[in-house]
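Please read the structure below before turning to the comments.
The values are calculated or read from the model by the stated rules, or taken from the named source; none is laboratory data. This one's a predicted model, so the numbers in the text were calculated from it and none came from an experiment. Note: ideal-geometry Cβ built from the backbone for every residue, glycine included; neighbour counts use all protein chains shown. For the accessible areas, the whole protein counts, side chains as well, though only heavy atoms, and no ligand, DNA or RNA atoms are used. Shrake-Rupley method; radii C 1.70, N 1.55, O 1.52, S 1.80 Å.
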Amino acid sequence: MIRLTRHARNRMRLWQLTETEVTEALRHPEQVTPSSHGQRHAWKQTAQGWLRVTYAEEDETFIVITVTVRRRGPEEV
């Protein structure tokens with residue numbers, strides 16, 4: 001199950017991303033990197049650039065904290 005925070009929904013609107021794109025990045029990321037506070041970044045390349053989904057896991061639920069589109073991918077950061 002995937003739960004989106006209000007902040008994540010606002011960022012999706014800003015970047016014109018669909019819930020399907022975010023779900024795809026979580027289920028089939030090209031790379032996963034650690035973040036702060038026990039969170040993780042799921043990276044997926046899209047037409048806009050690199051989609052970075054910051055999430056935390058609770059039980060069997062992905063809680064999406066924020067979503068951004070980056071020019072550079074995880075190996076370049």
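Key figures for this structure:
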item	result
Options 46, 68; residue that is at negative phi and at pLDDT below 95	46
Qualifying positions in the stretch 1-56 - in contact with a Leu (Cβ under 9 Å, 6 or more places away or on another chain), among the aliphatic types (A, V, I, L, M) and under 13 Å from residue 73 (Cβ atoms)	25, 42, 51
Residue list for the stretch 25-50, filter: touching a His at 6+ places or on another chain (Cβ under 8 Å) and not charged (D, E, K, R)	32, 33, 34, 35
Leading residue by the ranking (most open to solvent (accessible area, probe 1.4 Å)) among those in the stretch 19-33 that are without any contact (Cβ under 8 Å) to a residue 40 or more places away in the chain and among the polar types (S, T, N, Q)	20
Failed item in (1) open to solvent by 70 Å² or more (accessible area, probe 1.4 Å); (2) at pLDDT 95 or above; (3) not in a strand (DSSP E or B), with residue 3 passing the rest	(3)
Residues of the stretch 36-50 satisfying the condition of being surrounded by 15 or more Cβ atoms within 10 Å (Cβ to Cβ) and either farther than 12 Å from residue 67 by Cβ or over 13 Å from the mean Cα position of the chain (by Cα) (or both)	40
Looking only at the stretch 34-67, and only at residues there that are free of Cβ contacts under 8 Å to residues at least 40 places away in the same chain and of a type in the set (Phe, Trp, Tyr), the one that is farthest from residue 1 (Cα to Cα)	50
